[in-house]
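Here the structure comes first, spelled out in structure tokens, and everything after it is commentary.
Just so it is clear, none of the values below were taken in a lab; they were calculated from the coordinates. Fair warning: this is a prediction, and the values are worked out from it, not measured in the lab. Virtual Cβ from ideal backbone geometry, glycine too; neighbours counted across all protein chains shown.
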Amino acid sequence: MTTHKIDGVTLTLQQGNIVAVAVDAIVNAANASLAGGGGVDGAIHRAGGPTIMQECRKLGGCPTGSAVATSAGNLQARYIFHAVGPIYRDHSNEAQLLKGAYQSCLDLAEQYQITSLAFPSLSTGAYGYPRHLAAPIALQTVIEHLHKPTSLQQVIFVLFDEKTLQAYQKALQPLLADD
Ligand code: ADP
């Protein structure tokens, strides 16, 4: 686990399972239909219980590159932000869509005035986005946001496997040097 301060906000990179993290909002790596899936999405719905899916059905879907909020069922968190990252496929505007998915979560954090937020590594599982390309986009989007006034006091990247944690640690170094 590594912890850094960005304009007074704690930014943590840690390995683990996001459903177990005690924060105001957990980000889900959802798909555009919000219909449920494997990976983080499966873990969140299993641990959080059926009310999350009931709310997802009412929302009907979420465009790629953005995010929508539901309550968090049985989880400790107050909200789930369901973010839809791009499938890594045609290499056109995927970076922009990935950035948009993170930015939408940060915008929801301000809308709900939450103080702590946990992200998984969006798009780098079933959606196939290479970790070494996704990590700098994720981190840069968060760091840029933390340079502005924010309700957030803590942002945690909860990375499931060692390789993903290492990719994020590597990507963070040059971004910290800029600050
Ligand atoms: P996507 O479809 O956006 O690629 P996935 O859920 O397949 O989403 O994978 C995104 C990342 O989340 C991958 O690095 C995967 O290993 C990781 N992951 C899977 N389960 C969990 C979990 N419970 N907590 C945190 N990260 C997880």
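Take segment 64-101 and flag every residue that is farther than 13 Å from A25 by Cα and within 13 Å of the ligand (Cβ to nearest atom). Once the filter is applied, which keeps residues that are farther than 13 Å from A25 by Cα and within 13 Å of the ligand (Cβ to nearest atom), segment 64-101 yields T64, G65, V84, G85, P86, I87, Y88, R89, E94, L97, L98, A101.
Among the numbered conditions (1) within 9 Å of the ligand (Cβ to nearest atom); (2) free of Cβ contacts under 8 Å to residues at least 60 places away in the same chain; (3) surrounded by fewer than 22 Cβ atoms within 10 Å (Cβ to Cβ), tell me where Y127 comes up short. The failed condition is (2).
A quick yes/no check of all residues on (1) out of contact with any Cys (no Cβ under 9 Å at 6 or more places or on another chain); (2) under 18 Å from V27 (Cα atoms); (3) assigned to a loop (DSSP other than H, G, I, E, B):
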| residue | (1), (2), (3) |
| --- | --- |
| S123 | yes, yes, yes |
| A126 | yes, yes, yes |
| Y129 | yes, yes, yes |
| H132 | yes, no, no |
| I143 | yes, yes, no |
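The residue list G37, G42 contains one member that is small (G, A, S) and either touching a His at 6+ places or on another chain (Cβ under 8 Å) or touching a residue at least 12 places away in the same chain (Cβ under 8 Å) (or both), which is G37.
Selection of first residues in segment 47-61 that are of a type in the set (V, I, T) and of second residues that are surrounded by 15 or more Cβ atoms within 10 Å (Cβ to Cβ), restricted to Cβ pairs under 8 Å at least 6 apart or on distinct chains, gives the following pairs, ordered by first then second residue: T51/G73; I52/I44; I52/H45; I52/T70; I52/A72; I52/G73; I52/I80.
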